[in-house]
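Everything below concerns the one structure shown next.
The values are calculated or read from the model by the stated rules, or taken from the named source; none is laboratory data. What you are looking at is a predicted structure, and each value in this text was computed from that prediction instead of being measured. Glycine also receives a Cβ, built like all others from the backbone with ideal geometry; neighbour counts cover every protein chain displayed. Remember, those area values only see protein heavy atoms, side chains included, never the ligands or the DNA or RNA. Shrake-Rupley method; radii C 1.70, N 1.55, O 1.52, S 1.80 Å.
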Amino acid sequence: MISGTTAAPPSAPYVIPVLPLYNISFVSEDTNACETSHYDGLEVTTHGYVSAVADVGFYMQQELTGTPFGGMWVYYQAGYREPLDTLAVGDYVEVTSVVEEYYNLTELNTPSSLAVLSSGHTIVPLAIQTGDLGMDNCTRSSEQYEGLLVTVSSATIMSEPNDYGEIEIDDGSGSTQLEDGILDTDTHISGMVTGDLIGTVIDTLTGVVRFAYGSFEVHPRT
């Protein structure tokens, strides 16, 4: 008889799953707080329509019209942003990337692969109320709009821009924030309004939703 240890069998290689954005973003209904994606730290492949392009990444969504938990922010680290130069709103893309939770924002961080499968699609913004997003807390009910292109109507400006360019708006359902991650929003609005900003009603506003620094925000594109 030969005694000794038995080597453990080699572990199976990780197979990158192909998932809808909904599966990556969805969190359980057990709480109304923001939760970590079930795929945090794992590499996945997913598909979606580009709804906005920023200097350091882009937003994508599963359907042409936004659906709950169907949006995503795709971030590119410095030195890897060349794919953004040719990306356009309306592109349908395939992305392979690691899922990351960045201070309660679910994102895809610096894709290892990005392919444009088709172009020229029309993204239809999802109509929501400002109170659906809120300002002060990260909640599950608000988190479902992360990464989506949305539109709000008849929103009153409630504050001057703060030091970060954030402007509070409220359509009567509760406040949320305008931000300037894509468009220089505060400068743009200040140039359009001849009197005081506070009290001015914005007829319609379209932008993508993001969670940052403890608050949900709407980032206008143009």
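Set side by side, the residues 128, 123 differ, and just one is under 17 Å from residue 205 (Cα atoms), open to solvent by less than 50 Å² (accessible area, probe 1.4 Å) and free of Cβ contacts under 8 Å to residues at least 60 places away in the same chain, which is 128. Screening region 154-170 for residues that are part of a strand (DSSP E or B) and not aliphatic (A, V, I, L, M) and picking the one that is surrounded by the fewest Cβ atoms within 10 Å (Cβ to Cβ) gives 154.
Yes or no, residue by residue, for (1) under 26 Å from residue 84 (Cβ atoms); (2) in contact with a helix residue (DSSP H, G or I) (Cβ under 9 Å, 6 or more places away or on another chain):
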{"residue": "122", "(1), (2)": "yes, no"}
{"residue": "139", "(1), (2)": "no, no"}
{"residue": "142", "(1), (2)": "no, yes"}
{"residue": "148", "(1), (2)": "yes, no"}
{"residue": "187", "(1), (2)": "yes, no"}
{"residue": "213", "(1), (2)": "yes, no"}
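Only one of the listed residues (107, 82) is surrounded by fewer than 17 Cβ atoms within 10 Å (Cβ to Cβ), at pLDDT 95 or above and not basic (Lys, Arg). That residue is 82. Residue pairs whose Cβ atoms lie under 7 Å apart, separated by 6 or more positions or on different chains, with the first residue in region 43-65 and closer than 16 Å to residue 207 by Cα and the second surrounded by fewer than 22 Cβ atoms within 10 Å (Cβ to Cβ) and polar (S, T, N, Q), are 64/122. Taking every residue in region 70-91 that is closer than 15 Å to residue 117 by Cβ and pairing it with any residue that is surrounded by fewer than 19 Cβ atoms within 10 Å (Cβ to Cβ) and of a type in the set (S, T, N, Q), at least 6 positions away or on another chain, the pairs with Cβ-Cβ distances below 8 Å are 88/119; 90/119; 90/122; 91/118; 91/119.
Okay, residues lined up against (1) open to solvent by less than 40 Å² (accessible area, probe 1.4 Å); (2) touching a Ser or Thr at 6+ places or on another chain (Cβ under 8 Å); (3) at pLDDT 95 or above:
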site: 3; (1), (2), (3): no, no, no
site: 30; (1), (2), (3): no, no, no
site: 45; (1), (2), (3): yes, yes, yes
site: 54; (1), (2), (3): yes, no, yes
site: 63; (1), (2), (3): no, no, yes
site: 93; (1), (2), (3): yes, no, yes
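Against the criterion of being free of Cβ contacts under 8 Å to residues at least 40 places away in the same chain, part of a loop (DSSP other than H, G, I, E, B), out of contact with any strand residue (DSSP E or B) (no Cβ under 6 Å at 6 or more places or on another chain) and open to solvent by 50 Å² or more (accessible area, probe 1.4 Å), residue 187 does not qualify. Within region 20-33, being free of Cβ contacts under 8 Å to residues at least 40 places away in the same chain and either over 17 Å from residue 71 (Cα atoms) or more than 17 Å from the chain's Cα centre (by Cα) (or both) holds for 28, 30. If you go through region 130-171 and keep only what is charged (D, E, K, R) and under 11 Å from residue 218 (Cα atoms), you end up with 146, 166, 168. The residues of region 29-73 that are farther than 13 Å from residue 149 by Cα and in contact with a His (Cβ under 9 Å, 6 or more places away or on another chain) amount to a single one, 54.
Taking the condition more than 13 Å from the chain's Cα centre (by Cα) and of a type outside the set (Gly, Ala, Ser), does residue 106 pass? So residue 106 fails the test. Scan region 138-153 and give yes if some residue there is surrounded by fewer than 19 Cβ atoms within 10 Å (Cβ to Cβ), in contact with a Leu (Cβ under 9 Å, 6 or more places away or on another chain) and not in a helix (DSSP H, G or I), otherwise no. Yes, region 138-153 contains at least one residue that is surrounded by fewer than 19 Cβ atoms within 10 Å (Cβ to Cβ), in contact with a Leu (Cβ under 9 Å, 6 or more places away or on another chain) and not in a helix (DSSP H, G or I).
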